[in-house]
Amino acid sequence: ALSMLATTVGLYGIPWCKKSLLLTVLMSVIGASMGILDTGGNVLALNTWGAEAGPHMQALHFSFAVGAFVAPILAKMALGSSESKDLPVVEKTNQSVPRSLPTAAAASATSALKHRLGADFLWSYVVIGTYLLLVSLCFFVLYSRGSSARDKSKASLQKRVLAKYHYALIGLLFIFFLCYVGAEVTYGSYVFTYAKVFAEMKDSEAAALNSVFWGAFAACRGVAIFCAACLYPGTMILLSIIGSAVSSSCLAFFARHPASLWVGTAVYGASMATIFPSGISWIEQYTVVQGKSASLFVIGAALGEMCIPAVVGYLQGRFHHVPVVMYTALVTSAMTVLLFPLMYKLANCPGESDLKEVSESEDRKALLSNSRLNEDEEDEEDAGEWNEADFEVIEMNDTLRNSVIETSRKIAGDSPGKVSLQPHLDDVLHDSPVAAGGSPGRKDVTVEREKND
């Protein structure tokens, strides 16, 4: 909620900036808030759905892919509509103005075009910022009502145990995401230039090739939402790295053929789609993923997104005849192929905590079995003592009953009136523990003996 609120402030302020320093500050605020959103969104999905977060994680990153695919198209449509409306005015002005004043006409037409484009982009920023503000308010409402859910998530995290090689897994996954995201952004940024320079395509064909890459990327993430419900995250990662390795090999060695370039680009985009969300879901099965771990994943992805395209651009400028972009895709795919089996091996190593839990459970079973045997023996001894006490009390009660009956007969024979002592006798017997169905203790037996004496 806070990250989207900061993004809203930046979007509202950008159209009114007239100084480069202020624009730089606002763009930095938006970049930082989006980094927080990447981290918090992934952790929130894991804390909310736990082991069932696979499809939800794929849906989260599918929304990112759709936005990245649709936003440039919408911006181009808005820019193209504004230019198409203003270009006829510019041509008419140039035709009606004398030859001696071409500069004034061009300047006025350019200023009108800038004003129109500025108004269109202003509304674009305002609409997107308002949408983010509404979503931010929704998250604030959910946060205010989600205290019990947060307590449950904290309790569940406390019950989880870290993997034996927790920090090694986090470090390897950091490098894994650095290579993956760097390769993804590098190919999506330079495939247009590669198509024009090396494949000698037209601008429209190169743009279509770029759209094929991002379109396959977004479509495969949409399909992965349903595949995550029936496939393990490790299986999806394995299929993705195999597809990226095969497609990058074809692109590195056969990219000059148009058919190989088109097919390889589509397969490469589809293979890269599910690695990031599947990687987070996969590591969460073996160890605890909290804010620090997720932030390291996002930092690794951001470093790959920032550094690898810069290095590729520098090398491509130095070596014009070498397809550096395709070789970079091949090298990063080879890195992911090597890293994932190593991470899988470390994740499945039994930890000391697991061994302790197994030994403790066995000791508990043994102790429980011994205690149950002792309790059974004690119960049998106590039952025997209670039975002996019951028989003694029953015998004493019979003696007491006979003595009371004889006494009552004597009194009844001596007195002229008939006095019934049977109710009192029944009350005495009913008040005794044996008549009530209970079992007296040893102290009660001693008291009965003393009274009888």
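I need the full set of residues from the stretch 218-241 which are closer than 22 Å to residue 341 by Cβ, β-branched (Val, Ile, Thr) and touching a residue at least 24 places away in the same chain (Cβ under 8 Å), in order please.
Selection gives 237, 241.
What's the number of the condition residue 13 fails, among (1) modelled with pLDDT of 85 or more; (2) closer than 24 Å to residue 299 by Cβ; (3) surrounded by 17 or more Cβ atoms within 10 Å (Cβ to Cβ)?
Checking residue 13 against (1) modelled with pLDDT of 85 or more; (2) closer than 24 Å to residue 299 by Cβ; (3) surrounded by 17 or more Cβ atoms within 10 Å (Cβ to Cβ), the one that fails is (2).
Being part of a helix (DSSP H, G or I) and aromatic (Phe, Trp, Tyr) is the filter here; which residues of the stretch 310-350 pass it?
If the condition is that a residue be part of a helix (DSSP H, G or I) and aromatic (Phe, Trp, Tyr), then 314, 327, 340, 344 are the ones that fit.
Restricting to the stretch 168-206, count the residues that are open to solvent by less than 40 Å² (accessible area, probe 1.4 Å) and of a type outside the set (Phe, Trp, Tyr).
Selection size over the stretch 168-206: 18.
Name the residues in the stretch 16-58 that are crowded, with 17+ Cβ neighbours inside 10 Å, polar (S, T, N, Q) and more than 19 Å from residue 140 (Cβ to Cβ), would you?
Of everything in the stretch 16-58, those that are crowded, with 17+ Cβ neighbours inside 10 Å, polar (S, T, N, Q) and more than 19 Å from residue 140 (Cβ to Cβ) turn out to be 42, 58.
So if I check each of 264, 234, which one is open to solvent by 10 Å² or more (accessible area, probe 1.4 Å) and in contact with a Ser or Thr (Cβ under 9 Å, 6 or more places away or on another chain)?
234
Just to verify a result, which residue in the stretch 126-167, among those that are of a type in the set (Ser, Thr, Tyr) and modelled with pLDDT under 85, is least open to solvent (accessible area, probe 1.4 Å)?
If we take residues in the stretch 126-167 being of a type in the set (Ser, Thr, Tyr) and modelled with pLDDT under 85, then 153 is least open to solvent (accessible area, probe 1.4 Å).
What are the residues in the stretch 217-226 that are open to solvent by 20 Å² or more (accessible area, probe 1.4 Å) and out of contact with any Ser or Thr (no Cβ under 8 Å at 6 or more places or on another chain), if any?
219, 223, 225, 226
Conditions tested, residue by residue: (1) among the hydroxyl-bearing types (Ser, Thr, Tyr); (2) surrounded by 17 or more Cβ atoms within 10 Å (Cβ to Cβ); (3) at positive phi.
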site	(1), (2), (3)
269	no, yes, no
274	yes, yes, no
279	no, yes, no
290	no, no, no
297	no, yes, no
304	no, yes, no
313	no, no, no
333	yes, yes, no
344	yes, no, no
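Do we have any residue at all in the stretch 243-258 that's more than 14 Å from the chain's Cα centre (by Cα), surrounded by fewer than 17 Cβ atoms within 10 Å (Cβ to Cβ), in the same structural domain as residue 326 (by the TED database) and of a type in the set (S, T, N, Q)?
Checked the stretch 243-258: at least one residue is more than 14 Å from the chain's Cα centre (by Cα), surrounded by fewer than 17 Cβ atoms within 10 Å (Cβ to Cβ), in the same structural domain as residue 326 (by the TED database) and of a type in the set (S, T, N, Q).
The values are calculated or read from the model by the stated rules, or taken from the named source; none is laboratory data. Computed from a predicted structure; not experimentally measured. Neighbour counts run over all protein chains shown; Cβ positions are idealised from the backbone, glycine included. Note: accessible area is taken over every heavy atom of the protein model, side chains too, but ligands, DNA and RNA are not part of it. Shrake-Rupley method; radii C 1.70, N 1.55, O 1.52, S 1.80 Å.
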